[in-house]
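Right, one structure below, let's go through it.
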Amino acid sequence: LLVNLSASAQDALPDLRVSGKHLVDPEGNKVVLHGVMDTPNRYFNGWRWQGWKPAYNDEDVEPCLDYFEKLFTAITDHEQGAYCTVFRLHLDPCWTNDPNLPQVGDGGEQNISQFSKSRLIKYWNKLYAELVKKALAHGLYVILRPPGVCPHDIKVGDAYQSYLKTVWGTVSAANFLKDNAGKVSIELANEPVDVYDSNGQKNSSVALRDFFQPVVDVIRANGFNGILWVPGSGYQSWYNNYAQYPITDPADNFGYAVHVYPGWYGASDKSYNHQSFINQFHTQVPVVDTNPIMVTEIDWSPENPDGEGKYNEW
């Protein structure tokens, strides 16, 4: 019975695509998604499965899958008042980094020196694709985010652009992903800050387009025609250059992934006029007039009384 219910939930999930500034189902009905994000990393889940280990390997897969099965069950449980319809899945570098490779620089998530394409392929098949299947079975659309975060400075033609082309060139070649292109979408990168064009100019009008257009081209060349979510600069808060120099997509099936945190878009605990927020959001994200917007990270925690950070941001 449980297997049948799961299959029914997935089968009932209509394919989505972009139409103008909306997501629509096959009948042309506008669709708005609401959901959460998580990462298959024990640290960020409060060590709720297993304890600390220096590396993630095959024996860690089943405990992780079991945990996320519980998570997907909970966030779609209408009896508990949970109505999530989308899940953002981080292809966490704890699975794609090879601890046997030398680490160059610090160990932050922006460091790609230990990235292993073979581990990406291995754990796409063993873990990530299985997590996607579980999410779909619970009636959740899935957004894939690449392993790690952008370095503070990225440049057209640099190693990080090559890294993103490798990651998405590998993942988008998977038949499973192409078979579910109407249900699984791709967020090209996480939180670019400053983007340099090929001439070394910071945040020029063409920098964002020239950095992410080749990534889009790799994905489309592989035959994946699902929705792509394109990030902006400034930790995904500035998109005005795309209005002048937009992404070109042969599938015409993309939107923009935006982040919203306390103090952004002219709003804070002491400045909370909603219309002012909307006006500033439109100034920084003018593509909201032309393409769908997916807010892939958001928080609205009050500030700590001592002025150090937010009360519950993490």
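When the criteria are applied in full, Pro250 meets the requirement of being open to solvent by 40 Å² or more (accessible area, probe 1.4 Å) and modelled with pLDDT of 95 or more.
Within region 120-144, the residues that satisfy the criterion of being part of a helix (DSSP H, G or I) and either open to solvent by less than 10 Å² (accessible area, probe 1.4 Å) or in contact with a Gly (Cβ under 7 Å, 6 or more places away or on another chain) (or both) are Leu120, Tyr123, Leu127, Tyr128, Ala129, Leu131, Val132, Ala135, Leu136.
Of all residues in region 264-292, those satisfying the criterion of being touching a residue at least 40 places away in the same chain (Cβ under 8 Å) and either among the hydrophobic types (A, V, I, L, M, F, W, C) or over 16 Å from Lys21 (Cα atoms) (or both) are Thr283, Gln284, Val285, Val287, Val288. The residue pairs whose first member lies in region 222-251 and is without any contact (Cβ under 8 Å) to a residue 40 or more places away in the chain, whose second member is aliphatic (A, V, I, L, M) and crowded, with 24+ Cβ neighbours inside 10 Å, and whose beta carbons are closer than 6 Å, counting only pairs six or more residues apart or on different chains, are Asn241/Leu208; Ile247/Val230.
Within region 81-98, residues that are free of Cβ contacts under 8 Å to residues at least 12 places away in the same chain reach partners that are surrounded by fewer than 21 Cβ atoms within 10 Å (Cβ to Cβ) and part of a loop (DSSP other than H, G, I, E, B) with beta carbons closer than 9 Å, at six or more positions or on different chains, in the pairs Ala82/Thr76.
The values are calculated or read from the model by the stated rules, or taken from the named source; none is laboratory data. Since this is a predicted model, take the numbers as computed values, not measurements. Using ideal geometry, Cβ is built from the backbone for each residue, glycine included, and neighbour counts are taken over all protein chains shown. Remember, those area values only see protein heavy atoms, side chains included, never the ligands or the DNA or RNA. Shrake-Rupley method; radii C 1.70, N 1.55, O 1.52, S 1.80 Å.
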